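What follows is a short report on a single structure.
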Amino acid sequence: MHQPYCPEEFWSQDQLRAVQNTRLQTTVEAAARSPFYRQRFAALGICPQDIRSVEDLRQLPLTTKDDLRAAYPDQMLARPRHEMVRLHASSGTTGAATVVYYTANDLVAWADLVARCMHMTGIRPGDTFQNIAGYGLFTGGLGFHYGAERLGCLTIPAGAGNTKRQLKLLEDFQVTAVHIIPSYALHLASAMEEMDFAPQRLALRIALIGAEPHTEAMRRRIEDFFGVKAYNSYGLSEMNGPGVAFECPEQSGMHLWEDAYLAEIIDPNTGAPVPEGELGELVLTTLTREGMPLLRYRTRDLTRFLPGTCPCRRQHRRIDRITGRSDDMIILKGVNIYPMQVERVLLGIPEVGQNYLIILEREGHLDQMRVKVEIKDEYFVEDMRVLKGLQSRIASQLRDELLITPRVDLVESNSLPKSEGKAVRVQDLRPKE
Ligand code: AMP
Ligand code: ZN
């Protein structure tokens with residue numbers, strides 16, 4: 001057994017349950033101090049003191065993304081705003097997004113969780129770590145950054161994109177570990193092939209891959225090309241960001257840190273718990289967060305608890321890789337997108353007609369979005385310049401909203417297929433591996 005990063009890592013199930021009971025009480029009491037939960041508890045007649053243990057959890061209401069939106073910008077704060085030292089927001093959203101706040105203690109606890117994950121995969125002080133993730137509101141940037149520094153790695157805040165510069169940093173500093181979105185890892189691999197850049201020029205040992213769904217086959221491709229071990233990393237901004245669940249060296253399921261998060265898996269339609277081991281929606285409660293505690297948050301991510309104990313002897317239960325979502329959110333290049341965002345933009349443009357279709361496709365290794373937009377007859381003119389102008393106006397408005405640039409095809413009105421009943425707005429043509 002390798003040296004643990006912290007004692008919590010090897011706590012027994014009994015120890016974890018005991019600490020969950022006391023931390024749940026503290027969390028519920030803290031939540032009750034936020035305007036949002038105070039109102040909700042009052043409406044439902046919940047008294048925080050009634051929640052004594054994990055057994056009482058189901059008396060608490062579920063919290064949804066819409067609740068977070070309604071509580072924007074600060075109704076979920078359980079402490080005065082001047083005690084907050086950072087905020088992040090869910091990726092791919094602008095304007096009235098969902099915001100998460102951190103106190104100084106919350107940031108330390110989060111960095112510790114990320115450091116614990118990294119350490120579990122074999123990263124050590126002395127490793128050089130390149131963080132190939134967007135810095136900014138997205139939690140994958142600063143989340144891994146501070147985790148890596150806390151662990152004692154030489155940390156390179158490379159940010160996202162710019163393939164040539166990424167390669168130069170990887171080679172010049174003989175980087176040993178990276179955090180990278182899986183689709184970008186494959187893009188980097190094909191760029192290297194095109195440039196005749198042999199992977200042997202790099203010193204990589206470990207890749208942390210996450211932020212978007214990916215298959216076992218995709219992991220193997222990344223491992224084979226770069227000659228690394230690749231570990232699945234799961235998190236979401238509502239639960240700090242990365243560091244919620246992570247693969248250990250066994251690479252079979254992700255240990256969910258049960259001293260920091262209380263996990264349930266429910267049937268997304270009924271809200272009832274699914275039988276142990278069955279697929280359902282992951283619901284998480286924060287156990288150590290003071291700035292913005294969240295109770296029974298519906299992640300919308302579909303997974304299951306894996307049976308049995310892991311050979312690594314960590315007893316934190318493992319979840320399976322995320323197989324999909326129980327809502328219509330699309331993840332493209334690690335950015336979260338809801339079809340409604342596209343619709344909102346399109347319907348604000350006077351020339352746009354009735355129908356549109358979002359097509360997700362893969363070009364090389366990179367996912368692309370193409371939006372086919374019907375244009376009203378009176379605007380569908382012969383003049384190419386006018387149409388080109390409209391096309392780029394639509395593309396740039398979509399980019400402002402989505403933070404990625406889609407291709408836009410203008411089509412005549414009534415030319416897109418009509419569906420009977422619920423409109424099919426998204427066609428996912430990406431290969432399933
Ligand atoms: P964000 O809050 O913007 O960081 O996005 C969080 C969402 O990204 C999660 O709710 C998941 O849907 C997705 N996600 C994060 N990590 C993974 C992963 N390892 N596998 C699949 N999906 C992931
Ligand atoms: Zn394990």
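The values are calculated or read from the model by the stated rules, or taken from the named source; none is laboratory data. Bear in mind the structure is a predicted one, so any value in this text is a computation, not a measurement. Don't worry about glycine lacking a Cβ; one is built from the backbone with ideal geometry, like all the others, and counts go over all protein chains shown. SASA here: full protein model, heavy atoms, side chains in, ligands and nucleic acids out. Shrake-Rupley method; radii C 1.70, N 1.55, O 1.52, S 1.80 Å.
Strands (runs of 3 or more DSSP E) wholly in segment 322-433 with at least 1 residues that are within 28 Å of the chain's Cα centre (by Cα) and closer than 25 Å to GLY159 by Cβ - which ones?
Details: elements: 330-332, 335-337, 352-363, 366-375, 407-412, 426-428.
Fully inside segment 322-433 and qualifying: 330-332, 335-337, 352-363, 366-375, 407-412.
Pick out the one residue from GLN397, GLN391, GLN368 that is touching a helix residue (DSSP H, G or I) at 6+ places or on another chain (Cβ under 6 Å) and not hydrophobic (A, V, I, L, M, F, W, C). Explain how you work it out, then say what you get.
Numbers: GLN391 fails: touching a helix residue (DSSP H, G or I) at 6+ places or on another chain (Cβ under 6 Å); GLN368 fails: touching a helix residue (DSSP H, G or I) at 6+ places or on another chain (Cβ under 6 Å).
On inspection, the qualifying residue turns out to be GLN397.
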Within segment 297-315, of all residues that are part of a loop (DSSP other than H, G, I, E, B) and within 16 Å of ligand 1 (Cβ to nearest atom), the one nearest to ALA78 (Cα to Cα) is ARG304
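From THR121, THR98, THR176, grab the single residue that is at pLDDT 95 or above, under 20 Å from the mean Cα position of the chain (by Cα), outside the structural domain of ASN336 (by TED's automatic domain parsing) and not hydrophobic (A, V, I, L, M, F, W, C). It would help to see each step written out before you state the result.
Working: THR98 fails: at pLDDT 95 or above; THR176 fails: under 20 Å from the mean Cα position of the chain (by Cα).
Only one candidate qualifies: THR121.
Among the candidates ASP267, ASP259, which residue alone is more than 15 Å from the chain's Cα centre (by Cα), of a type outside the set (A, V, I, L, M, F, W, C) and within 16 Å of ligand 2 (Cβ to nearest atom)? Before the answer, list the steps.
Numbers: ASP267 fails: within 16 Å of ligand 2 (Cβ to nearest atom).
ASP259 is the lone residue from the list that is more than 15 Å from the chain's Cα centre (by Cα), of a type outside the set (A, V, I, L, M, F, W, C) and within 16 Å of ligand 2 (Cβ to nearest atom).
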Within segment 331-341, take every residue that is among the β-branched types (Val, Ile, Thr) and within 10 Å of ligand 1 (Cβ to nearest atom) and give me the one that is surrounded by the most Cβ atoms within 10 Å (Cβ to Cβ).
VAL335
Hits in segment 167-189 - residues which are under 11 Å from LEU366 (Cβ atoms) and of a type in the set (Ser, Thr, Tyr):
SER183, TYR184
Starting from segment 16-36, keep only residues that are within 16 Å of ASP56 (Cβ to Cβ), then list their pairs with residues that are among the basic types (Lys, Arg) and assigned to a helix (DSSP H, G or I) whose Cβ atoms are within a distance under 8 Å, requiring at least 6 positions of separation or different chains.
ALA32/ARG38
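Please verify whether segment 81-89 includes one or more residues that are part of a helix (DSSP H, G or I) and buried (at least 20 other Cβ atoms within 10 Å of the Cβ).
Step one: filter segment 81-89 for residues part of a helix (DSSP H, G or I), giving 81-83.
Those left that are additionally buried (at least 20 other Cβ atoms within 10 Å of the Cβ): none.
No; the residues of segment 81-89 include none that is part of a helix (DSSP H, G or I) and buried (at least 20 other Cβ atoms within 10 Å of the Cβ).
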Take the residues in segment 138-168 that are away from ligand 1 (no atom under 16 Å from the Cβ) and hydrophobic (A, V, I, L, M, F, W, C); name whichever of them is most open to solvent (accessible area, probe 1.4 Å).
LEU154
Taking only segment 47-76 into account, find how many residues are open to solvent by less than 30 Å² (accessible area, probe 1.4 Å) and assigned to a loop (DSSP other than H, G, I, E, B).
6
All positions within segment 120-148 that are farther than 20 Å from ASN162 by Cα, out of contact with any Pro (no Cβ under 8 Å at 6 or more places or on another chain) and not in a loop (DSSP other than H, G, I, E, B):
TYR146, ALA148
Pairs, first within 15 Å of ASP428 (Cβ to Cβ) in segment 331-345, second assigned to a helix (DSSP H, G or I) and open to solvent by less than 20 Å² (accessible area, probe 1.4 Å), C-beta under 9 Å, six or more apart:
LEU332/SER183; LEU332/LEU402; LYS333/SER183; ILE337/LEU402; VAL342/LEU398; VAL342/LEU402
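Within segment 124-137, how many residues are open to solvent by 50 Å² or more (accessible area, probe 1.4 Å) and either under 22 Å from ASP106 (Cβ atoms) or at pLDDT below 95 (or both)?
In the first step, residues of segment 124-137 are kept if they are open to solvent by 50 Å² or more (accessible area, probe 1.4 Å); the result is 124-126, 135, 137.
Now narrow it down to the ones that are either under 22 Å from ASP106 (Cβ atoms) or at pLDDT below 95 (or both): 135, 137.
Looking only at that region, the number is 2.
Here are GLU171, GLU194: which of them is in the same structural domain as GLY241 (by TED's automatic domain parsing), more than 24 Å from the chain's Cα centre (by Cα), modelled with pLDDT under 95 and open to solvent by 40 Å² or more (accessible area, probe 1.4 Å)? Explain how you work it out, then say what you get.
On the way: GLU171 fails: modelled with pLDDT under 95.
Going through GLU171, GLU194 in turn, the sole match is GLU194.
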Let me confirm something: among ALA111, ALA104, which residue is surrounded by fewer than 23 Cβ atoms within 10 Å (Cβ to Cβ), closer than 30 Å to ILE404 by Cα and at pLDDT 95 or above?
ALA111
Given (1) open to solvent by less than 10 Å² (accessible area, probe 1.4 Å); (2) out of contact with any strand residue (DSSP E or B) (no Cβ under 6 Å at 6 or more places or on another chain); (3) more than 16 Å from ligand 2 (Cβ to nearest atom), where does LEU282 come up short, assuming only one miss?
(2)
Which of the following residues is of a type in the set (Lys, Arg), in contact with a strand residue (DSSP E or B) (Cβ under 9 Å, 6 or more places away or on another chain), open to solvent by 10 Å² or more (accessible area, probe 1.4 Å) and more than 21 Å from ARG17 (Cα to Cα): ARG304, ARG289, ARG317, ARG220?
ARG220
